[in-house]
Amino acid sequence: CRLHMCPPGTANQFGRGVDLNNPCEPCEDDNGATFYGSTSCEVPADERAILTKIFDDLQGHGWTRNDYWGSKASVCDWYGVSCDNGAVVAINLSSNNLKGDVPSEIFHLPKLQQLLLSSNQIQISFDEIGKAANLLELRLASTGLRSLEGINSAKMLTFLSIASNNLAGQFPDGLFALENLRFLAMNNNALTGPVPEDIGELRYLRYLQLDSNLFNQNVPSFSKSLTLTHVRMAGNELTGEIPADFLRSVPARSTMQVDLSNNRLTGQVPEALGRFDKMTLALQQNQITDLPTSLCGKEDWNDGDVAIYGCDGIMCAPGTSTLDGRHTTGKPCVACPQADPDFFGQALCESVIAPASSSTSIRQWIFRISFLSYVLATAITWLA
(Lines give C-alpha, C1' and ligand atoms only; values in the text may rest on other atoms or scores of the structure.)
Protein backbone atom coordinates (compact mmCIF):
# COMPACT_ATOMS: atom_id res chain seq x y z
CA CYS A 1 0.00 0.00 0.00
CA ARG A 2 2.88 2.34 0.75
CA LEU A 3 3.79 2.17 -2.92
CA HIS A 4 0.45 3.81 -3.70
CA MET A 5 0.09 6.31 -0.82
CA CYS A 6 1.76 6.96 2.51
CA PRO A 7 -0.70 5.89 5.25
CA PRO A 8 -1.95 8.40 7.88
CA GLY A 9 0.75 9.38 10.36
CA THR A 10 3.52 9.08 7.76
CA ALA A 11 4.70 11.25 4.87
CA ASN A 12 7.48 12.01 2.41
CA GLN A 13 7.97 14.50 -0.43
CA PHE A 14 6.23 12.20 -2.93
CA GLY A 15 3.25 11.18 -0.78
CA ARG A 16 4.11 7.51 -1.42
CA GLY A 17 6.96 5.08 -0.98
CA VAL A 18 9.00 5.32 -4.16
CA ASP A 19 11.86 2.99 -3.21
CA LEU A 20 13.98 1.97 -0.24
CA ASN A 21 15.73 5.35 -0.29
CA ASN A 22 12.45 7.28 -0.11
CA PRO A 23 10.23 5.52 2.44
CA CYS A 24 7.18 7.00 4.12
CA GLU A 25 8.58 8.46 7.35
CA PRO A 26 6.54 8.47 10.59
CA CYS A 27 5.45 11.89 11.88
CA GLU A 28 6.56 13.02 15.35
CA ASP A 29 3.29 14.83 16.01
CA ASP A 30 0.20 12.61 16.25
CA ASN A 31 -1.85 15.34 14.52
CA GLY A 32 0.41 15.44 11.47
CA ALA A 33 -0.36 13.76 8.15
CA THR A 34 -3.89 12.71 9.03
CA PHE A 35 -4.70 11.62 5.47
CA TYR A 36 -3.36 9.04 3.02
CA GLY A 37 -0.76 10.38 0.58
CA SER A 38 0.58 13.22 2.77
CA THR A 39 3.71 15.01 1.58
CA SER A 40 4.34 16.76 4.91
CA CYS A 41 3.98 16.08 8.60
CA GLU A 42 3.03 19.71 9.24
CA VAL A 43 -0.06 20.00 11.42
CA PRO A 44 -2.98 21.53 9.47
CA ALA A 45 -3.81 25.09 10.50
CA ASP A 46 -6.97 25.70 12.51
CA GLU A 47 -8.23 28.67 10.52
CA ARG A 48 -11.09 29.44 12.89
CA ALA A 49 -8.72 29.56 15.85
CA ILE A 50 -6.33 31.86 13.96
CA LEU A 51 -9.09 34.25 12.93
CA THR A 52 -10.49 34.26 16.44
CA LYS A 53 -7.07 35.24 17.77
CA ILE A 54 -6.91 38.07 15.22
CA PHE A 55 -10.31 39.27 16.43
CA ASP A 56 -9.28 39.16 20.09
CA ASP A 57 -5.80 40.68 19.69
CA LEU A 58 -6.98 43.54 17.45
CA GLN A 59 -9.94 44.56 19.64
CA GLY A 60 -12.55 43.15 17.30
CA HIS A 61 -15.52 44.32 19.37
CA GLY A 62 -14.55 47.90 18.49
CA TRP A 63 -14.19 47.33 14.74
CA THR A 64 -16.31 49.39 12.36
CA ARG A 65 -17.57 46.14 10.81
CA ASN A 66 -17.27 42.76 12.53
CA ASP A 67 -20.19 40.87 11.00
CA TYR A 68 -20.21 37.19 12.12
CA TRP A 69 -16.70 37.36 13.64
CA GLY A 70 -16.52 35.06 16.65
CA SER A 71 -19.79 33.36 15.75
CA LYS A 72 -20.44 29.73 14.79
CA ALA A 73 -21.01 30.76 11.17
CA SER A 74 -18.51 29.59 8.59
CA VAL A 75 -15.38 31.73 8.71
CA CYS A 76 -15.97 32.31 5.02
CA ASP A 77 -18.99 34.41 6.04
CA TRP A 78 -17.05 36.60 8.46
CA TYR A 79 -16.75 40.21 7.31
CA GLY A 80 -13.69 40.80 5.09
CA VAL A 81 -12.83 37.10 4.75
CA SER A 82 -12.86 35.40 1.35
CA CYS A 83 -12.48 31.66 0.75
CA ASP A 84 -11.80 29.23 -2.05
CA ASN A 85 -12.96 25.65 -1.56
CA GLY A 86 -13.45 26.39 2.13
CA ALA A 87 -9.92 27.73 2.73
CA VAL A 88 -9.21 31.36 3.62
CA VAL A 89 -7.52 33.08 0.66
CA ALA A 90 -8.06 36.78 1.43
CA ILE A 91 -8.57 39.08 4.41
CA ASN A 92 -9.61 42.68 3.75
CA LEU A 93 -10.03 44.69 6.94
CA SER A 94 -8.71 48.03 5.68
CA SER A 95 -10.05 51.18 7.40
CA ASN A 96 -11.86 49.09 10.00
CA ASN A 97 -10.54 50.49 13.30
CA LEU A 98 -8.19 47.60 14.09
CA LYS A 99 -5.87 48.36 17.02
CA GLY A 100 -2.91 46.45 18.45
CA ASP A 101 -0.28 43.95 17.35
CA VAL A 102 -1.21 41.64 14.49
CA PRO A 103 -0.66 38.05 15.72
CA SER A 104 2.04 36.20 13.80
CA GLU A 105 -0.40 33.32 13.35
CA ILE A 106 -2.04 35.28 10.54
CA PHE A 107 0.79 34.06 8.33
CA HIS A 108 -0.01 30.44 9.22
CA LEU A 109 -3.14 30.49 7.07
CA PRO A 110 -1.86 28.08 4.39
CA LYS A 111 -3.83 29.36 1.39
CA LEU A 112 -3.73 33.11 2.19
CA GLN A 113 -3.08 35.15 -0.97
CA GLN A 114 -4.22 38.67 -0.06
CA LEU A 115 -3.82 40.53 3.24
CA LEU A 116 -5.24 44.06 3.25
CA LEU A 117 -4.97 45.92 6.56
CA SER A 118 -4.31 49.52 5.48
CA SER A 119 -5.49 52.52 7.48
CA ASN A 120 -5.59 50.88 10.90
CA GLN A 121 -3.61 51.52 14.09
CA ILE A 122 -1.61 48.32 14.12
CA GLN A 123 1.92 46.97 14.28
CA ILE A 124 3.01 43.85 12.49
CA SER A 125 6.08 41.62 12.60
CA PHE A 126 7.24 39.74 9.50
CA ASP A 127 9.12 37.03 11.39
CA GLU A 128 6.61 34.36 10.33
CA ILE A 129 5.71 35.72 6.88
CA GLY A 130 7.69 32.95 5.19
CA LYS A 131 5.02 30.48 6.28
CA ALA A 132 2.49 32.28 4.08
CA ALA A 133 3.82 30.50 1.01
CA ASN A 134 0.96 31.70 -1.23
CA LEU A 135 0.84 35.36 -0.16
CA LEU A 136 0.77 37.56 -3.27
CA GLU A 137 -0.61 40.90 -2.11
CA LEU A 138 0.15 42.81 1.10
CA ARG A 139 -1.32 46.24 1.84
CA LEU A 140 -0.21 47.98 5.02
CA ALA A 141 -0.38 51.67 4.09
CA SER A 142 -1.16 54.14 6.88
CA THR A 143 -0.70 51.70 9.74
CA GLY A 144 2.27 53.24 11.54
CA LEU A 145 4.63 50.54 10.27
CA ARG A 146 8.20 51.17 11.45
CA SER A 147 10.23 48.18 10.22
CA LEU A 148 10.37 45.76 7.30
CA GLU A 149 12.69 43.29 9.00
CA GLY A 150 11.85 39.79 7.80
CA ILE A 151 9.95 40.92 4.68
CA ASN A 152 12.60 39.18 2.54
CA SER A 153 10.95 35.84 3.36
CA ALA A 154 7.76 36.77 1.46
CA LYS A 155 9.11 35.21 -1.72
CA MET A 156 5.85 35.10 -3.65
CA LEU A 157 4.76 38.73 -3.11
CA THR A 158 3.80 40.56 -6.30
CA PHE A 159 2.10 43.62 -4.73
CA LEU A 160 3.39 45.56 -1.71
CA SER A 161 1.89 48.83 -0.47
CA ILE A 162 3.57 50.32 2.62
CA ALA A 163 2.96 54.00 1.93
CA SER A 164 2.33 56.69 4.55
CA ASN A 165 4.09 54.98 7.43
CA ASN A 166 7.00 55.64 9.80
CA LEU A 167 9.72 53.93 7.78
CA ALA A 168 13.06 55.72 8.10
CA GLY A 169 16.68 55.16 7.17
CA GLN A 170 18.00 53.89 3.86
CA PHE A 171 16.19 51.80 1.28
CA PRO A 172 15.37 48.44 2.95
CA ASP A 173 17.68 45.70 1.69
CA GLY A 174 15.07 43.00 2.26
CA LEU A 175 13.06 44.21 -0.72
CA PHE A 176 15.72 43.00 -3.15
CA ALA A 177 14.78 39.41 -2.26
CA LEU A 178 11.21 39.87 -3.52
CA GLU A 179 11.96 38.69 -7.03
CA ASN A 180 8.30 38.40 -8.07
CA LEU A 181 7.38 41.96 -7.11
CA ARG A 182 5.40 43.91 -9.70
CA PHE A 183 4.07 46.82 -7.64
CA LEU A 184 5.91 48.67 -4.85
CA ALA A 185 4.52 51.77 -3.15
CA MET A 186 6.64 53.32 -0.38
CA ASN A 187 5.63 56.97 -0.75
CA ASN A 188 5.14 59.30 2.21
CA ASN A 189 7.74 57.86 4.55
CA ALA A 190 11.05 59.23 5.84
CA LEU A 191 13.46 57.10 3.81
CA THR A 192 16.77 58.72 2.94
CA GLY A 193 20.03 58.10 1.09
CA PRO A 194 20.23 57.05 -2.57
CA VAL A 195 17.53 55.24 -4.49
CA PRO A 196 19.40 52.02 -5.33
CA GLU A 197 19.94 51.21 -8.98
CA ASP A 198 19.41 47.51 -8.21
CA ILE A 199 15.72 47.89 -7.41
CA GLY A 200 15.15 48.37 -11.14
CA GLU A 201 16.65 44.96 -11.75
CA LEU A 202 13.70 43.15 -10.19
CA ARG A 203 12.65 41.51 -13.42
CA TYR A 204 8.88 41.92 -13.05
CA LEU A 205 8.70 45.33 -11.35
CA ARG A 206 6.38 47.67 -13.25
CA TYR A 207 5.27 50.26 -10.71
CA LEU A 208 7.67 52.05 -8.34
CA GLN A 209 6.27 54.81 -6.14
CA LEU A 210 8.76 56.57 -3.85
CA ASP A 211 7.21 60.06 -3.65
CA SER A 212 7.55 62.29 -0.61
CA ASN A 213 10.53 60.75 1.13
CA LEU A 214 13.98 62.19 1.79
CA PHE A 215 15.91 60.33 -0.92
CA ASN A 216 18.94 62.25 -2.17
CA GLN A 217 21.88 61.92 -4.55
CA ASN A 218 21.37 61.17 -8.27
CA VAL A 219 18.42 59.68 -10.10
CA PRO A 220 19.17 56.02 -10.90
CA SER A 221 19.04 55.14 -14.58
CA PHE A 222 17.14 51.85 -14.14
CA SER A 223 18.77 51.11 -17.49
CA LYS A 224 18.55 47.33 -17.12
CA SER A 225 14.83 47.19 -16.42
CA LEU A 226 12.62 45.78 -19.16
CA THR A 227 9.34 46.33 -17.32
CA LEU A 228 9.46 49.55 -15.27
CA THR A 229 6.80 51.78 -16.86
CA HIS A 230 5.61 53.78 -13.82
CA VAL A 231 8.27 55.68 -11.86
CA ARG A 232 7.18 58.20 -9.24
CA MET A 233 9.90 59.89 -7.19
CA ALA A 234 8.46 63.38 -6.74
CA GLY A 235 9.02 65.41 -3.61
CA ASN A 236 12.45 64.11 -2.62
CA GLU A 237 15.89 65.74 -2.60
CA LEU A 238 17.31 64.14 -5.74
CA THR A 239 20.10 66.06 -7.47
CA GLY A 240 22.12 66.07 -10.68
CA GLU A 241 20.93 65.41 -14.22
CA ILE A 242 18.46 62.79 -15.35
CA PRO A 243 20.70 60.03 -16.79
CA ALA A 244 20.95 59.92 -20.58
CA ASP A 245 20.19 56.17 -20.44
CA PHE A 246 17.19 56.55 -18.14
CA LEU A 247 14.86 53.54 -18.68
CA ARG A 248 16.63 52.75 -21.95
CA SER A 249 15.78 49.01 -21.94
CA VAL A 250 12.02 49.46 -21.54
CA PRO A 251 10.32 48.74 -24.89
CA ALA A 252 9.57 51.93 -26.85
CA ARG A 253 5.94 50.86 -27.36
CA SER A 254 5.28 51.07 -23.61
CA THR A 255 2.95 53.65 -22.11
CA MET A 256 5.13 55.52 -19.61
CA GLN A 257 4.41 57.54 -16.48
CA VAL A 258 7.38 59.35 -14.94
CA ASP A 259 7.14 61.90 -12.13
CA LEU A 260 10.39 63.50 -10.95
CA SER A 261 8.87 66.82 -9.96
CA ASN A 262 9.81 68.82 -6.87
CA ASN A 263 13.41 67.71 -6.57
CA ARG A 264 16.71 69.50 -7.27
CA LEU A 265 17.43 68.13 -10.71
CA THR A 266 19.59 70.14 -13.09
CA GLY A 267 20.77 70.14 -16.70
CA GLN A 268 18.94 68.77 -19.71
CA VAL A 269 15.93 66.54 -20.17
CA PRO A 270 17.36 63.46 -21.94
CA GLU A 271 16.57 63.61 -25.65
CA ALA A 272 16.55 59.79 -25.67
CA LEU A 273 13.17 59.83 -23.91
CA GLY A 274 11.73 60.75 -27.28
CA ARG A 275 11.75 57.09 -28.26
CA PHE A 276 8.58 56.72 -26.19
CA ASP A 277 5.49 57.83 -28.10
CA LYS A 278 3.18 57.71 -25.09
CA MET A 279 4.34 59.31 -21.88
CA THR A 280 3.08 61.35 -18.96
CA LEU A 281 6.11 63.31 -17.78
CA ALA A 282 6.18 65.58 -14.71
CA LEU A 283 9.37 67.58 -14.14
CA GLN A 284 8.14 70.82 -12.61
CA GLN A 285 9.87 72.55 -9.72
CA ASN A 286 13.43 71.47 -10.48
CA GLN A 287 16.38 73.44 -11.85
CA ILE A 288 16.32 72.12 -15.40
CA THR A 289 17.93 74.44 -17.94
CA ASP A 290 17.46 72.69 -21.28
CA LEU A 291 14.47 71.07 -22.98
CA PRO A 292 15.33 69.56 -26.40
CA THR A 293 12.92 70.82 -29.03
CA SER A 294 12.72 67.31 -30.51
CA LEU A 295 10.58 66.34 -27.52
CA CYS A 296 8.11 69.16 -28.17
CA GLY A 297 6.57 67.29 -31.08
CA LYS A 298 5.54 64.20 -29.10
CA GLU A 299 1.83 64.53 -29.75
CA ASP A 300 0.69 61.82 -27.34
CA TRP A 301 2.71 63.04 -24.38
CA ASN A 302 0.96 64.44 -21.31
CA ASP A 303 -2.50 63.41 -22.47
CA GLY A 304 -2.12 65.26 -25.77
CA ASP A 305 -1.15 68.60 -24.23
CA VAL A 306 2.19 68.55 -26.06
CA ALA A 307 0.36 68.28 -29.39
CA ILE A 308 -1.53 71.49 -28.58
CA TYR A 309 0.95 73.53 -26.59
CA GLY A 310 4.32 72.25 -27.80
CA CYS A 311 7.22 72.66 -25.36
CA ASP A 312 4.98 74.39 -22.83
CA GLY A 313 2.98 71.16 -22.66
CA ILE A 314 6.06 69.58 -21.06
CA MET A 315 7.39 72.50 -19.00
CA CYS A 316 6.83 76.25 -18.92
CA ALA A 317 9.75 78.16 -20.43
CA PRO A 318 12.16 80.05 -18.16
CA GLY A 319 10.69 83.27 -16.82
CA THR A 320 7.12 81.93 -17.17
CA SER A 321 5.00 79.83 -14.87
CA THR A 322 1.70 78.22 -14.01
CA LEU A 323 0.76 76.33 -10.87
CA ASP A 324 1.13 73.04 -12.75
CA GLY A 325 4.54 73.98 -14.11
CA ARG A 326 3.30 73.35 -17.64
CA HIS A 327 0.51 74.45 -19.96
CA THR A 328 -2.69 72.49 -19.36
CA THR A 329 -6.24 73.16 -20.49
CA GLY A 330 -7.26 76.60 -19.24
CA LYS A 331 -3.92 77.24 -17.54
CA PRO A 332 -1.29 78.70 -19.88
CA CYS A 333 2.27 79.55 -18.96
CA VAL A 334 2.44 83.29 -18.26
CA ALA A 335 5.18 85.78 -17.41
CA CYS A 336 5.87 85.52 -13.69
CA PRO A 337 7.98 88.01 -11.68
CA GLN A 338 8.96 85.26 -9.22
CA ALA A 339 10.07 82.85 -11.96
CA ASP A 340 13.80 82.30 -12.40
CA PRO A 341 14.98 83.32 -15.87
CA ASP A 342 17.07 80.14 -16.24
CA PHE A 343 14.83 77.24 -15.20
CA PHE A 344 12.06 75.38 -17.01
CA GLY A 345 8.90 74.11 -15.33
CA GLN A 346 8.39 76.59 -12.53
CA ALA A 347 5.13 76.39 -10.62
CA LEU A 348 4.89 79.75 -8.89
CA CYS A 349 2.27 81.98 -10.51
CA GLU A 350 -1.37 81.12 -11.13
CA SER A 351 -2.89 81.58 -14.57
CA VAL A 352 -6.45 81.02 -15.70
CA ILE A 353 -8.13 81.63 -19.05
CA ALA A 354 -11.66 81.19 -20.29
CA PRO A 355 -13.08 77.69 -19.64
CA ALA A 356 -13.50 76.79 -23.31
CA SER A 357 -11.21 73.95 -24.35
CA SER A 358 -8.00 74.87 -26.11
CA SER A 359 -8.82 72.73 -29.14
CA THR A 360 -12.16 74.55 -29.46
CA SER A 361 -10.42 77.92 -29.14
CA ILE A 362 -7.97 77.01 -31.91
CA ARG A 363 -10.80 75.95 -34.19
CA GLN A 364 -12.62 79.19 -33.40
CA TRP A 365 -9.58 81.29 -34.32
CA ILE A 366 -9.10 79.36 -37.57
CA PHE A 367 -12.73 79.99 -38.41
CA ARG A 368 -12.44 83.69 -37.55
CA ILE A 369 -9.28 84.13 -39.66
CA SER A 370 -10.89 82.31 -42.58
CA PHE A 371 -14.00 84.43 -42.26
CA LEU A 372 -12.03 87.70 -42.12
CA SER A 373 -10.00 86.61 -45.14
CA TYR A 374 -13.23 85.95 -47.01
CA VAL A 375 -14.65 89.36 -46.05
CA LEU A 376 -11.43 91.12 -47.03
CA ALA A 377 -11.28 89.33 -50.40
CA THR A 378 -14.91 90.22 -51.08
CA ALA A 379 -14.30 93.87 -50.21
CA ILE A 380 -11.26 94.06 -52.49
CA THR A 381 -13.27 92.53 -55.35
CA TRP A 382 -16.13 94.99 -54.78
CA LEU A 383 -13.77 97.96 -54.66
CA ALA A 384 -12.10 96.84 -57.87
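Annotations for the structure displayed:
- Here the relative contact order of the range 155-243, from alpha carbon pairs under 8 Å that lie six or more residues apart, stands at 26 percent.
- Equivalent ellipsoid, the chain (semi-axes from 5 times Cα gyration tensor eigenvalues, Å): 57, 23, 22
- Extension gain from Q59 to L323, taking 0.36 nm per residue of separation minus the Cα-Cα distance: 90.5 nm
- Amide H to amide H distances under 5 Å link G193 with N216, where only residues 5 or more positions off or on other chains count and H is placed in the peptide plane.
- Relative contact order of the range 45-309, defined on C-alpha pairs under 8 angstrom at six or more residues apart (%): 9
- Around the amide H of T10, modelled in the peptide plane, lie the amide H atoms of C27, all under 5 Å away and 5 or more residues distant in sequence or on another chain.
- For the range 101-108, the Karplus equation 6.51 cos²θ - 1.76 cosθ + 1.60, evaluated at θ = phi - 60°, returns couplings of 9, 5, x, 5, 4, 4, 7, 8 Hz by residue, with Gly and Pro reported as x.
- In sequence order, calculated HN-Hα J values of the range 327-342 (Karplus, 6.51, -1.76, 1.60; Hz; x Gly/Pro): 6, 10, 4, x, 9, x, 6, 10, 4, 9, x, 7, 6, 6, x, 10
- Amide H contacts of Q285 (H built 1.01 Å from N, under 5 Å, at least 5 apart or other chain): N262, Q346, A347
- Percent of beta bridges antiparallel (DSSP, the chain, rounded to nearest 5): 20
- 3J(HN,Hα) from dihedral phi, the range 208-225, Karplus parametrisation 6.51/-1.76/1.60, rounded to Hz, x for glycine, proline: 10, 10, 10, 4, 6, 10, 10, 4, 9, 6, 7, 6, x, 7, 6, 6, 8, 6
- Cross-link partners for K131 among the lysines, with Cα-Cα distance under 17 Å and sequence neighbours closer than 8 places in the same chain left out: K111, K155.
- Taking V258, V18 and ordering them by how much accessible surface each has at a 1.4 Å probe, largest first, produces V18, V258.
- Seen through its C-alpha gyration tensor, with square-root eigenvalues sorted a ≥ b ≥ c, the range 310-354 comes out oblate because a/c lies at 1.5 or above while a/b is not bigger than b/c.
- The range 98-235: C-alpha gyration tensor shape, a/c 1.5 cut-off, then a/b vs b/c: oblate
- Prolate/oblate/rounded call for the range 61-108, Cα gyration tensor, a/c under 1.5 rounded: oblate
- Solvent-accessible area per residue for the chain (1.4 angstrom probe, square angstrom): 51
- Angle in degrees between helix 358-383 and the longest Cα principal axis of the chain, rounded to the nearest 10: 20
- Carbon + sulfur, % of accessible area of the range 213-272 - ligands and nucleic acids excluded, 1.4 Å: 43
- Only helices enter this figure: runs of n ≥ 4 DSSP H residues, each worth -39500 (n - 2.57), summed and divided by the residues of the chain, yield -3500 deg cm²/dmol at 222 nm to the nearest 500.
- With the whole protein complex present, H108 retains an accessible surface near 60 Å², based on a 1.4 Å probe.
The values are calculated or read from the model by the stated rules, or taken from the named source; none is laboratory data. Here the structure is a predicted model, which is why all the values come from computation and not from measurement. We work out accessible area using only protein heavy atoms, side chains counted, and drop any ligands, DNA or RNA first. Shrake-Rupley method; radii C 1.70, N 1.55, O 1.52, S 1.80 Å.
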